[in-house]
Amino acid sequence: MIYANADRRELNTAESFRVIDNLADLGASVVLLTGGEPFIRNDLPDLAGRLVSRGVHPRIQTNGLATIDGLRRCAELGVRDISISLDSLEPANQDFLNGGFDDSWNTAVETIANVGQVMGTNTFAAFGCVFSPFNFQGVPDVIRFATELGWWVSLVPAHSTDPLEPRSFSTFNQTVQFQPNQYSQVDAVLDEIGELKSKGFNIYDSEQYLKDLRRFVKGEPLTWRDRNAGVCDAGSLYFAVLPDGGLAPCCDWRLEEHVDVGGPDFVKEYKRGNFVKPIQEKSKACSGCLYGSYPEITISARFAKASLERYSMFIAESRSQINTISADEIRMLAKKHLSGKPRS
Ligand code: SF4
């Protein structure tokens, strides 16, 4: 379940607790707290702690702006799952990809060091890494760097959309799309990534997801929904909660009518299947996406190999521990893994 979109009134802490309690009563196993930047909310650790206390696993996504105090409070309340945006080992490229935000790379490095320091080596920590024409050649470097740090890498291709059919989480910037003359380079990089995965490097994405990534960047039809008649599992395995507590099929689409996820009758009505039809009206009409979380949940539920892979990551806890080195040591490690390949 995903908390997304930024153009709505934000619930206060008490209202958010009501949403969390309903999600717990519904039997949600994982809640992804995302933004924008979720750490802009001072009560983020309280919300994550409430999830933990209700037996729900919180995963927090940050652009790297989490303070050490915020991370410490999350850790004290039992949070052990965090994802930071890291798209490149080249500081200037990372800043460019973050819309020209000065020093975003150094900010991310400080946050990586803080996570190691306050959240403990047993934390599941991952880099959310965009796969775009502006950084894809450097993605294998990010994977090698992450693996030495004990972190994981989750790839998300840049999504663009037609302004006439806007989707909330996609950009109008068409330059993020790959051109046919880049496809052979894309294939070479994705072959390298596949090889790294088979050798045990820390790539979070399933093989099925990586196959669809190759299709997505070339504008070919995706296959991760094929085992469910070409429809995703929005409304059954996942849904989104808007900042105002409204129910949404996912981060891209909204329902015509407001449904209050924190409302007193929400759990009863959801279990009766009252929201399946309006959600499926959206998901059946959707051409698909490759936003890491939704496809991976569907893939884990419907592909045995991916399911076993997730089990070994989260249940069996057989994964490597994260490295607790300083920000300066992290910068040195990044330099070591920077192969100097061109960006595009
Ligand atoms: S496939 Fe469409 S409806 Fe389903 S999660 Fe992705 S964007 Fe949403």
Could you work out the local net charge near P264, counting Lys and Arg as +1, Asp and Glu as -1, over the other residues with Cβ closer than 15 Å to its Cβ? -2
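Run the numbers for T67 and Q174: contour at 0.36 nm per residue of separation, minus the present Cα-Cα distance, in nm.
Values: separation 107, 0.36 × 107 = 38.52 nm, distance 3.36 nm.
Gain in length upon complete extension: 35.2 nm.
Relative contact order of segment 2-337, please, whole-number percent, based on alpha carbon pairs below 8 angstrom and at least 6 residues apart. Numbers along the way, then the final one.
Numbers: 541 pairs, mean separation 68.3, N = 336.
This gives 20 percent for segment 2-337.
Assign unit charges at the C-beta atoms only (+1 for Lys and Arg, -1 for Asp and Glu), then state the dipole size of segment 1-100 relative to its Cα centre in Debye, rounded to the nearest 20.
320
Using 0.36 nm per residue, how much length does the chain from R54 to T161 gain when fully extended, once their Cα-Cα distance is taken away? Don't skip to the end; give the middle numbers.
Values: separation 107, 0.36 × 107 = 38.52 nm, distance 3.77 nm.
Length gained between R54 and T161: 34.8 nm.
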Using 0.36 nm per residue of separation minus the Cα-Cα distance, give me the extension gain between Y183 and R227 in nm, one decimal. 13.1 nm
Principal axes first, then extents: for the Cα atoms of the chain, list largest minus smallest coordinate on each axis, whole Å, largest first. 56, 45, 38
Using a Förster distance of 56 Å, how high is the FRET efficiency between D265 and D102, based on the Cβ-Cβ distance and rounded to 0.05? 0.70
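Given the chain, what percent of its DSSP beta bridges are antiparallel, to the nearest 5?
Numbers: 3 of 28 bridges.
Roughly 10 percent of the beta bridges in the chain run antiparallel, per DSSP.
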Check the straight Cα-Cα distances from K268 and name the lysines below 29 Å, setting aside those fewer than 8 residues away within the same chain. K277, K282, K284
Cα-centre dipole for the chain with unit charges at Cβ (Lys and Arg positive, Asp and Glu negative), debye to 20: 820
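Report the Rg/Rh value for segment 202-344, based on alpha-carbon coordinates and the Kirkwood definition of Rh. Present the calculation step by step, with values, prior to reporting the outcome.
Numbers: Rg = 19.4 Å, Rh = 18.1 Å.
Result for segment 202-344 is an Rg/Rh of 1.07.
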Shape parameters for segment 16-106, alpha-carbon atoms, Rg then Dmax in Å: 14.7, 45
Near-label residues of segment 37-58 by backbone N, under 18 Å of a point 7 Å along Cα→Cβ of D21: 46-56
Just tell me which lysines come within less than 18 Å, Cα to Cα, of K211; anything on the same chain fewer than 8 places away is out. K197, K199, K305
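Bear in mind these aren't lab numbers, they're just calculated from the coordinates by the rules spelled out. All values reported here derive from a predicted model rather than from experimental measurement. Methodologically, a virtual Cβ is constructed for each residue, glycine included, from the backbone with ideal geometry; neighbour enumeration extends over all protein chains shown.
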